[in-house]
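S.K.: Below are the structure tokens for one structure; questions will follow.
The values are calculated or read from the model by the stated rules, or taken from the named source; none is laboratory data. Everything numeric here is computed off the predicted structure, so don't read it as measured data. Neighbour counts are summed over all protein chains in view; Cβ atoms, including those assigned to glycine, are modelled from backbone coordinates with ideal geometry.
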Amino acid sequence: MANRTEQYLIPSLFEELQHERLAIFSTLDAETGAPVMNAISWLFAPDEKTIRLAVDGRSKMIDNVMKNPLVSIAIFAAESTYMISGYASVTEDRLADVPLKAAMIEVSISEVRDIMFYGSKMAALPVYEKTYDLRAAEKLDRQVMNALKKRM
């Protein structure tokens, strides 16, 4: 998909966003206006034009989105790197059935762009692992992802 630009998630990206994965969420700082990036893993695409993500209810990302809704998400998938741009809003201050105070941010997609540099592809995707109680992490991940999917 070299240099391809769309206004929706292509099928391979949509499929990748049906389960938890690593992404970089970029906002503009509410106080300084400077770009800010955060690694996230709780994101889900209910359709080809929308991405939902869950963040800690105390996160500065919430203030940033409320001040300026322009956001982008970088995702590594389908042997490439993509930037998804759009307008975000905080749609729930507290996700139901989740033990920690997590908020939902919903992004209305305006552009999906392949940003991989010319003549290359991702040979391996970034991998992360949880560093706390794995059973507790799996349970929390399940609860958060189910809450993101419920609003369908």
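S.K.: So which residues in region 120-152 are more than 18 Å from Ile40 (Cβ to Cβ) and polar (S, T, N, Q), if there are any at all?
M.R.: The answer is Ser120, and nothing else.
S.K.: Looking at Ala54, Ala30, Ala23, Ala45 in this structure, which one is surrounded by fewer than 18 Cβ atoms within 10 Å (Cβ to Cβ) and either under 11 Å from the mean Cα position of the chain (by Cα) or free of Cβ contacts under 8 Å to residues at least 40 places away in the same chain (or both)?
M.R.: Working: Ala54 fails: surrounded by fewer than 18 Cβ atoms within 10 Å (Cβ to Cβ); Ala23 fails: surrounded by fewer than 18 Cβ atoms within 10 Å (Cβ to Cβ); Ala45 fails: surrounded by fewer than 18 Cβ atoms within 10 Å (Cβ to Cβ).
Among Ala54, Ala30, Ala23, Ala45, only Ala30 is surrounded by fewer than 18 Cβ atoms within 10 Å (Cβ to Cβ) and either under 11 Å from the mean Cα position of the chain (by Cα) or free of Cβ contacts under 8 Å to residues at least 40 places away in the same chain (or both).
S.K.: Here are Val65, Val98: which of them is among the β-branched types (Val, Ile, Thr), touching a Ser or Thr at 6+ places or on another chain (Cβ under 7 Å) and in contact (Cβ under 8 Å) with a residue 40 or more places away in the chain? Reasoning before the result, please.
M.R.: Numbers: Val98 fails: touching a Ser or Thr at 6+ places or on another chain (Cβ under 7 Å).
Of Val65, Val98, the one residue that is among the β-branched types (Val, Ile, Thr), touching a Ser or Thr at 6+ places or on another chain (Cβ under 7 Å) and in contact (Cβ under 8 Å) with a residue 40 or more places away in the chain is Val65.
S.K.: Hey, another quick one. Do you know which residues across region 1-20 are touching a residue at least 24 places away in the same chain (Cβ under 8 Å) and acidic (Asp, Glu)? I'd like the intermediate steps shown before the answer.
M.R.: Looking only at region 1-20, we keep the residues that are touching a residue at least 24 places away in the same chain (Cβ under 8 Å), and these are 1-10, 12-14, 16-20.
Selection gives Glu6, Glu16, Glu20.
S.K.: Here's a check for you: in region 57-76, which residue that is surrounded by 18 or more Cβ atoms within 10 Å (Cβ to Cβ) and within 14 Å of the chain's Cα centre (by Cα) is nearest to Val127 (Cα to Cα)?
M.R.: That would be Phe76.
S.K.: So how many residues does region 51-88 have that are closer than 14 Å to Glu6 by Cβ and not aliphatic (A, V, I, L, M)?
M.R.: 4
S.K.: Say we look at region 29-50 and pick out the residues that are polar (S, T, N, Q) and farther than 15 Å from Ile84 by Cβ; which of these is modelled with the lowest pLDDT?
M.R.: Residues of region 29-50 polar (S, T, N, Q): 32, 38, 41, 50.
Pick out the ones that are also farther than 15 Å from Ile84 by Cβ and you get 32, 41.
On the way: Thr32: 96, Ser41: 93.
My answer is Ser41.
S.K.: May I pose another question? Looking at this structure, is Leu134 in contact (Cβ under 8 Å) with a residue 60 or more places away in the chain and either exposed (fewer than 12 other Cβ atoms within 10 Å of the Cβ) or under 15 Å from the mean Cα position of the chain (by Cα) (or both)? Break it down stepwise before answering.
M.R.: Working: in contact (Cβ under 8 Å) with a residue 60 or more places away in the chain: no; either exposed (fewer than 12 other Cβ atoms within 10 Å of the Cβ) or under 15 Å from the mean Cα position of the chain (by Cα) (or both): yes.
No.
S.K.: In region 64-81, how many residues are farther than 11 Å from Ile24 by Cβ and touching a Leu at 6+ places or on another chain (Cβ under 7 Å)?
M.R.: Residues flagged as farther than 11 Å from Ile24 by Cβ and touching a Leu at 6+ places or on another chain (Cβ under 7 Å) within region 64-81 amount to 5.
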